[in-house]
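See structure below.
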Amino acid sequence: MTCQKIYELALALMNMSKDDADYEDATVLGMLQVMANEVLDVSDSIKACEGNPSALAALTDLQDDLPLADKVCTSVLPYGLAAKLALEDDSAMASYWNSEYHYRAAQYARPYLRQIESVY
């Protein structure tokens, strides 16, 4: 999923559109890079079960794809980004979105089971 799509999902949570937002692309990319590193282990546990390990590279543009599990991109990162973007304007909502971000990340952090191959 692209950084742009995650940004649009975060704006939707904030009841805003891209036209209403005046956030710099570099600011959004920086925030997403930090959060992507925070949830990389969660995403890797999901992707390992699918047989697709992820590798995180530096983000340079909003059109860049985040190589994280779709569940993490659609259900976790938008809440964290909304929290960071709203921090100066609405601290109560920022606190709510931050709580949702951490709660959702913890939900996906539960161990994913996969079949164990017998070596005997």
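Checking the conditions here, which among 68, 77, 62 is modelled with pLDDT of 90 or more and in contact with a helix residue (DSSP H, G or I) (Cβ under 8 Å, 6 or more places away or on another chain)? If you could, list the steps in order and put the result at the bottom.
Values: 68 fails: modelled with pLDDT of 90 or more; 62 fails: modelled with pLDDT of 90 or more.
Checking each option against the conditions leaves just 77.
Please find, within segment 90-109, the residue that is farthest from residue 68 (Cα to Cα) out of those that are part of a helix (DSSP H, G or I) and among the hydrophobic types (A, V, I, L, M, F, W, C). Break it down stepwise before answering.
To start, the set of residues in segment 90-109 that are part of a helix (DSSP H, G or I) comprises 91-108.
Within this subset, residues satisfying the condition of being among the hydrophobic types (A, V, I, L, M, F, W, C) are 92-94, 97, 105-106.
Details: 92: 29, 93: 26, 94: 24, 97: 20, 105: 13, 106: 16 Å.
Among them, the one singled out is 92.
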- line: Condition set over 21 Å from residue 25 (Cβ atoms) and basic (Lys, Arg), scope segment 58-112, selection surrounded by the fewest Cβ atoms within 10 Å (Cβ to Cβ): answer is 110
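The values are calculated or read from the model by the stated rules, or taken from the named source; none is laboratory data. Remember, predicted model here, so these are calculated numbers, not experimental data. Note that each Cβ is placed from the backbone with ideal geometry, even for glycine, and that neighbours are counted across all protein chains shown.
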